[in-house]
Each structure stands twice: as C-alpha cells, then as structure tokens.
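A.B. asks: Please see the structure below; I have some questions.
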Amino acid sequence: MQPRWQRLAVAGLLAAAGWLAAGPVLAQATPAPAQRSWADEVLYFVLVDRFADGDPANNTRVQRRNPGGWHGGDLKGLTQQLDELKDLGVTALWINPLQLQQRTGMPAQAPAKMGLPEFTHEAFHGYWIADFEQIDPRFGTEADLKALVDAAHARGIKVLLDVVYNHTGYLSTYADRRTATGEKWIRSGEGNCEVDAVLCAVGGLPDLKTEIPEIRDHVLAANIALARRSGVDGFRLDTYKHLPPEFWAEHRKRTRAELGAGFHLLAEYWGGDAANLDPFFARDEVDSGFDFSFKGSCEGWVQGRGRSVAYGAYLRSRHQVRPGYVLAHYLSSHDEPMALGNLGGDKERFKLCAALQMASLGMPVIYYGEEVARGGHEWPLNRNDMPWGARDVQPGQGVQRDEAMRSFYKQLIGLRHAHPALRRGGFQLLMQPQDAALAFARRDAASGDHVVVLANRDAQPVQVDVAAPAGWPAAARDLLGGEAVATPDGRIRVLLAPKSVRLLAPNP
Ligand SMILES: [Ca+2]
C-alpha cells in the first residue's frame with residue numbers, strides 16, 4: 001500500500017490527465033466518499049423546491065409566478081439531475097431542511113427598489129418546520145430521500161442535510177405543546193438577539209426551549225433518526241449561535257454515538273471566520289463552519305476597494321484555521337445578495353472571485369445555479385429557479401443559462417481536484433505592497449504540488465514581476481489557458497489581461 005500522500009498525488013495526476021482528456025478518468029480517480037476528507041469536497045447547495053420537479057403529483061398549491069411561492073421542485077427531481085452535478089465536479093450536496101412545513105404562507109414585501117408587489121412568502125425554503133417527525137410531501141417521501149442519498153453515493157457524492165434545532169415555523173402545533181411538568185415548549189416574548197442570542201426569537205420565529213431535556217431530546221431524536229434512516233453523511237446546522245454550548249456538546253456526543261465518528265457537522269454561525277469559529281473547533285463541537293468573510297472580501301477587492309496586498313494578507317489569514325477543521329467559503333447564499341448581482345452583473349469580475357474561491361483553502365460552496373450565472377440578486381429573487389434553458393426540466397425550464405460560465409466552473413473544479421496545493425496547500429504571498437496584481441503561491445508539502453495564482457482586477461493589463469517561490473522551476477504553464485510561461489532567473493514575469501486570472505504550475 002502506498003502512503004496516503006502518494007496515493008493522493010497519483011490521484012491528482014490522474015485527475016489532471018482526466019480533466020485534460022475531457023473527464024472520465026477524473027471520476028475513476030475520485031476516492032470513495034467515506035475515505036475522502038471534507039477538506040477536499042466541493043459542496044453544492046440546493047433549495048430543493050427551486051431545483052427540479054421530478055414529481056408533479058406532489059405539487060400542492062404550487063405558484064410558480066409567486067417569488068415566495070412553492071415552485072414544485074423535489075427530491076426525485078434533484079436525484080434525476082445528479083449526473084449534471086457530478087459532471088460539474090461537485091462531490092457533496094447540501095439540501096435544505098425537509099421536514100413538514102407550516103401549511104400557509106406569510107405576507108411579505110420585497111425591498112421597494114425591486115418594484116415587486118406584495119406576495120405570500122411560503123415555507124418552500126424548509127426553515128419553517130411544523131413537525132420535526134415528518135417529511136414535507138412537497139419535497140417527497142423518506143424513500144425519495146433514501147433514493148437520493150443512495151444515488152449520490154453511487155456517484156461518489158456525499159449529502160449534507162440542513163437541520164434546525166432552534167425554532168419552529170411561525171405556525172405549528174408546538175405553540176400549544178407543554179412538557180410533562182406543564183411548561184410551554186415555546187418561549188414567550190421575543191427577547192433581544194443582540195443581548196442574548198440564545199434566549200431570543202430569531203426573525204420572530206418561535207424559540208424552542210431546548211435547555212429543557214424533553215424538548216432538546218425531541219428535536220435531536222427526530223433529526224438523528226432521519227439521518228440514520230436516510231444515510232446522509234452530515235448535518236448543516238442552522239442558526240448555530242442561537243443554541244448554547246451545552247446543546248452542541250450533547251449534539252456532538254449523540255451524533256457521533258448514533259451516526260458514526262465520521263458524521264460531519266457544518267455550523268452556520270452568522271459572521272463566522274477563521275478567528276471567531278475557533279472556539280467551536282477548539283471544543284470540537286463541529287468539523288467545519290461557514291466563512292462569512294470570503295464573499296464580501298472578494299467582492300470588495302475585485303471592485304477596486306483596498307490594496308491588493310491587503311486582500312492577499314486576508315487570504316493568508318484564512319490559513320490560521322485550526323488544523324483538522326474546515327472553513328466553508330461561498331460567494332452567494334439564500335440569506336445574502338448574490339455575488340454576480342453585487343458586482344453589477346460583471347461576469348469577468350465574478351469569474352475572478354470564482355477562481356479565487358476554487359484556489360483557496362477550505363470547502364468551496366456553490367449556491368445552485370451560480371455556475372450558470374443564475375440571475376436574481378436580492379431576496380426574494382436570490383432564491384429563484386435553477387435555470388435549465390431549453391432542457392425539459394421545471395420549474396426553471398426556459399430560464400437562460402450561461403454555459404460558458406459553467407465550463408469555467410467545471411475547469412476550475414477539475415483543477416482543484418487535480419491539485420492538492422489548491423485544496424490543502426500552504427500560502428505564500430509573492431507580491432510587494434505597491435503591486436497592483438494579486439500574486440500568491442499555494443504549496444502542498446506532502447505531495448510537493450505547487451501552484452502560483454496571479455489575478456488582475458483592473459480594466460487595464462498589468463505586468464506582474466514577482467520573485468518566484470523557493471523550488472519554482474524555470475518553466476511553467478498556465479493551467480487555465482494551457483500556454484507555457486517562462487520563469488527564468490527566479491522571477492515570474494507575466495502580462496495579465498484586464499480582469500483575468502492565471503494559475504501557474506511547474507511544467508513537467
Ligand atoms: Ca414536485
């Protein structure tokens with residue numbers, strides 16, 4: 001048996017060859033999900049209702065023209081599109097909570113500048129749970145979930161299920177429920193989340209008194225049982241900061257005992273970054289956490305805010321994450337405006353951020369449709385339908401998709417899989433403080449894999465002239481464009497086109 005690093009390096013080379021040859025070898029080189037570290041995953045987040053409708057029979061009260069309505073997507077539809085995601089290079093899926101949702105919607109109004117009429121905001125997103133012990137039939141059945149997980153695993157794709165412990169939907173029978181000793185399940189009053197994040201009602205949602213063992217056990221048992229029956233590989237933990245450390249300690253203990261030592265836990269701690277997630281990693285409550293800093297930092301840098309060296313220092317600071325724990329970094333989410341919209345629709349600048357995401361430490365998260373330049377900027381349109389173009393898939397049939405963007409993503413993801421330096425390598429800033437272009441090196445000590453990343457945010461070409469990192473050879477090639485780049489006399493000199501990125505690797 002080869003040492004692990006050698007196997008990884010060989011897999012990387014095979015994957016690279018597979019990528020250059022158009023793909024099939026990459027699939028063979030991908031290790032089985034259970035053997036793969038979460039640090040090596042590319043995670044794809046799907047709002048199930050907005051992705052693909054595989055079962056029109058469960059489309060209860062579907063209103064596709066309502067931006068806040070149910071649109072009919074379901075687990076069967078997602079299962080039917082797994083090859084699309086595998087082809088993109090996705091290795092893990094994150095799906096929204098699936099439990100039974102509150103029956104009726106809430107009146108809602110988009111920001112005035114969007115000019116949308118008042119609409120009914122339904123629970124299509126899955127975060128308004130009415131019963132933790134049932135799956136919502138609009139998403140499908142437990143058998144559908146099991147089929148999705150099995151089909152994903154057959155393709156080497158892991159599945160993370162989103163779970164909510166902190167609150168119920170606005171409307172549920174929990175509002176009337178009392179414990180054996182007569183105590184109400186739901187906290188009265190709304191509290192102030194700025195003063196006490198645990199004893200408050202997030203977004204006015206009914207706050208479960210999870211400090212009471214009977215109530216805590218109800219939600220824990222429901223989610224753990226669903227995970228055990230379906231075979232999902234981990235949980236994405238909603239509203240992490242609104243539950244106390246004692247809850248998460250118990251949660252870790254029980255998920256490990258009942259779902260296995262490798263069951264992955266990803267915390268949604270609002271505002272999380274390498275520094276403020278560390279206490280949770282230090283206590284080993286979770287394996288990973290969302291890095292909320294990546295999106296805004298990249299959006300700011302590509303739009304000319306701050307010096308490039310400061311952005312480079314920020315990227316380096318992300319490497320302070322505690323060894324063995326993972327930052328999950330994203331460009332867009334269902335809770336924030338989408339990156340392409342924040343960049344005014346500038347796809348070249350967006351591609352810079354996509355490339356830097358795939359060239360950075362952590363677990364990149366792709367918000368569904370981002371890879372085909374899905375439109376929709378702010379809520380509620382940041383949760384609109386997956387674009388399927390001419391393909392016969394609802395609800396996003398006929399919605400335009402950018403196949404060139406998808407090819408770019410596919411290439412970047414292929415390079416990330418092929419290069420351990422991009423996934424787990426160290427970070428060395430190569431630039432000088434006055435340099436306009438970003439220049440850094442990633443090197444994986446175990447495999448020796450080495451990549452230099454150069455990026456120009458400006459609308460003019462920029463000449464890069466930086467000292468090559470130690471061990472860098474005289475000849476390199478651009479992994480994105482394929483051309484040779486001479487790097488003699490210990491310098492890397494490259495003319496970067498406007499708003500462009502290069503990923504250089506030593507020429508073999
Ligand atoms: Ca359906």
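A.B. asks: Where Lys and Arg each count +1 and Asp and Glu each count -1, what net charge lies around ARG64 among other residues with Cβ under 15 Å from its Cβ?
C.D. replies: Once all neighbours under 15 Å are counted, the net charge is 0.
A.B. asks: Just the accessible area for PHE408, please: 1.4 Å probe, Å², rounded to the nearest 10?
C.D. replies: For PHE408, solvent-accessible area is about 30 Å².
A.B. asks: Would you mind finding the longest exposed-site-free stretch of the chain, with exposed GluC sites (Glu not before Pro) meaning DSSP loop and at most 15 other Cβ atoms within 10 Å?
C.D. replies: Values: sites that count: GLU118, GLU183, GLU190, GLU194, GLU211, GLU378, GLU483.
It works out to 212-377.
A.B. asks: Kindly list the residues of the range 364-399 that lie in the label zone of MET114, defined by a backbone N under 11 Å from the point 7 Å along the Cα-to-C-beta vector.
C.D. replies: 376-384
A.B. asks: Rounded, prolate or oblate: which fits the chain when a ≥ b ≥ c are the square roots of the eigenvalues of the alpha-carbon gyration tensor, with rounded for a/c under 1.5 and prolate only if a/b beats b/c?
C.D. replies: prolate
A.B. asks: For ALA282 and ALA257, compute 0.36 nm times the residue count separating them, minus their Cα-Cα distance, and round to one decimal in nm.
C.D. replies: Answer, rounded to one decimal: 7.0 nm.
A.B. asks: Going down the list LYS295/LYS410; LYS86/LYS241; LYS86/LYS146; LYS241/LYS410; LYS113/LYS410, which pairs span over 25 Å between their C-alpha atoms?
C.D. replies: Beyond 25 Å between Cα atoms: LYS86/LYS241; LYS241/LYS410; LYS113/LYS410.
A.B. asks: Rounded to the nearest 0.05, what FRET efficiency do GLN303 and ALA474 give with R0 = 30 Å and r taken as the Cβ-Cβ distance? Could you check?
C.D. replies: On the way: r = 36 Å, r/R0 = 1.20.
Computed FRET efficiency for GLN303 and ALA474: 0.25.
A.B. asks: In the chain, what percentage of the DSSP-assigned beta bridges are antiparallel, given to the nearest 5?
C.D. replies: 55
A.B. asks: A further question follows. Just report the Cα centroid separation between the range 456-481 and the range 388-418, whole Å.
C.D. replies: Comparing the Cα centres of the range 456-481 and the range 388-418, I get a distance of 28 Å.
A.B. asks: Which percent of the accessible heavy-atom area of the chain goes to carbon and sulfur, probe 1.4 angstrom?
C.D. replies: 54
A.B. asks: Sticking with the crude label model, points 7 Å out along Cα→Cβ, report the distance from ARG64 to THR179 in nm, one decimal please.
C.D. replies: With each label placed 7 Å out from Cα toward Cβ, I get 4.8 nm.
A.B. asks: Just need the relative contact order of the chain here, percent rounded to a whole number, with Cα pairs under 8 Å and 6+ apart.
C.D. replies: Relative contact order for the chain comes out at 14 percent.
A.B. asks: Also, quick follow-up: At 222 nm, what value in deg cm²/dmol follows for the chain if DSSP H runs of at least 4 each add -39500 (n - 2.57) and the sum is divided by all its residues, to the nearest 500?
C.D. replies: It comes out at -8500 deg cm²/dmol, rounded to the nearest 500.
A.B. asks: Suppose all protein chains stay in the model; what accessible area per residue would a 1.4 Å probe give for the chain, in Å²?
C.D. replies: 38
The values are calculated or read from the model by the stated rules, or taken from the named source; none is laboratory data. Quick caveat: nothing in here was measured; it's all calculated off a predicted structure. Every residue, glycine among them, receives a Cβ derived from its backbone with ideal geometry; neighbour counts consider all protein chains shown. Heavy atoms of the whole protein, side chains included, go into the accessibility calculation; ligands, DNA and RNA do not. Shrake-Rupley method; radii C 1.70, N 1.55, O 1.52, S 1.80 Å.
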